[in-house]
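Undergrad: Before we start, here is the structure in question, set down as structure tokens.
Any read-out appearing in this document is the output of simple, stated calculations on the displayed coordinates, not a laboratory observation. All values derive from a computational prediction rather than experimental measurement. Note that each Cβ is placed from the backbone with ideal geometry, even for glycine, and that neighbours are counted across all protein chains shown.
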Amino acid sequence: MTSGPIRLDIFSDPVCPWCYVGKANLDRALAAHPEHPFVIQWHPFQLNPDMPVEGVEKRAYLEQKFGGKARVDAIHERLREVARAAGVDLDPDRPQRMPNTLNAHRLIHWAGIEGVQPAVVAGLMRAYWVDGRDIGDLPTLADIAGENGMDRAATLRLLNSDADADDIAARDADARHKGVTAVPTFLIAQHYVVSGAQPPETWGKVIEELTGRAE
């Protein structure tokens with residue numbers, strides 16, 4: 001077994017479908033390997049940092065970005081196939097808004113301080129991809145905080161301020177400067193990088209290698 005915990009830093013964005021699938025795959029691997037050494041910390045990376053604060057209509061945005069309805073339909077069908085294989089409830093057409101996620105990342109940061117980051121990250125992804133909620137809306141974010149172990153009223157007061165916004169933007173910029181170009185990106189022990197929504201089997205091998213190496 002390992003002699004101590006190993007940091008697993010995850011760079012993600014709640015509106016990234018591959019992050020949602022990647023988290024589900026990692027969760028399955030961790031459940032199958034309760035001896036895993038990971039201590040997980042989530043970090044901000046905005047897929048769309050220039051998104052208006054109020055967000056935009058998601059389908060129109062994607063069709064403009066990817067070149068039309070047929071292209072988006074093909075991407076979404078591929079996502080459905082991957083999600084089904086991962087046992088994930090994901091319909092890419094369910095969310096109607098493409099939000100700016102700066103405030104969602106602020107919430108994830110505060111959740112880390114309060115020790116409920118895993119629950120809040122899961123809650124945000126589930127809210128967006130399963131329930132189709134607008135996670136750019138401040139009361140909705142406060143609701144998600146309250147549903148996952150945080151004080152709703154206190155969180156809403158913070159969301160209505162500029163608290164930690166500059167810090168989140170700086171951390172996002174630092175991730176890009178260090179070479180993160182897409183999410184999810186996983187950094188193991190501050191040294192080894194794993195990119196993309198890797199299957200549970202891959203994570204299982206990583207865990208077995210890490211735990212076996214210390215024996």
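Undergrad: Which three numbers, in whole Å and largest first, are the semi-axes of the equivalent ellipsoid of region 19-80 derived from its Cα gyration tensor as √(5λ)?
TA: Working through the eigenvalues yields semi-axes of 32, 18, 7 Å.
Undergrad: Turning to a different aspect of this structure: Hey, what's the Cα Rg ratio for region 1-122 versus the globular rule of thumb, 2.2 N^0.38 Å?
TA: 1.20
Undergrad: Right, something else. Report the one residue of GLY196, ALA32, THR101 whose Cα lies farthest in the direction of the positive end of the charge dipole of the chain (charges on C-beta: Lys and Arg +1, Asp and Glu -1; origin at the Cα centre).
TA: Highest projection toward the positive end goes to GLY196.
Undergrad: Given labels modelled 7 Å from the Cα in the Cβ direction, how far is it in nm from ILE75 to SER161?
TA: 3.7 nm
Undergrad: How about LYS205: which lysines have a C-alpha closer than 21 Å to its C-alpha, ignoring those fewer than 8 places off in the same chain?
TA: Counting by Cα, and skipping residues close in sequence, LYS205 has these lysines nearby: LYS23.
Undergrad: GNM on the chain, C-alpha springs below 10 Å: top fluctuator among ASN103, ASN25, ASN48?
TA: ASN48
Undergrad: Please report the relative contact order for the chain, taking Cα pairs under 8 Å with a sequence separation of at least 6, and give it as a percent rounded to a whole number.
TA: Value for the chain: 34 percent.
Undergrad: Related question: Going Cα to Cα from LYS58, which aspartates and glutamates come in below 14 Å? Please leave out same-chain ones fewer than 8 positions away.
TA: ASP73, ASP91, ASP93, ASP134
Undergrad: Sticking with this structure for a sec: Provide the convex hull volume over Cα atoms per residue for region 6-213, in Å³.
TA: Measuring per residue, one finds 116 Å³ for the Cα hull of region 6-213.
Undergrad: Which one, HIS76, TRP18, PRO184, is farthest towards the positive end of the dipole of the chain when Lys and Arg carry +1 and Asp and Glu -1 on their Cβ?
TA: Value computed over the given set: HIS76.
Undergrad: About its Cα centre, what dipole magnitude does the chain give when the only charges are +1 on Lys and Arg Cβ and -1 on Asp and Glu Cβ, stated in debye to the nearest 20? List each step's numbers first, then the result.
TA: Numbers: 23 positive and 31 negative charges, 88 e Å.
For this selection, approximately 420 debye.
Undergrad: Hey, another quick one. By the scheme Lys and Arg +1, Asp and Glu -1, what is the net charge of all other residues having a beta-carbon under 11 Å from that of ASP93?
TA: Spelling it out: positives minus negatives among the neighbours equals +1.
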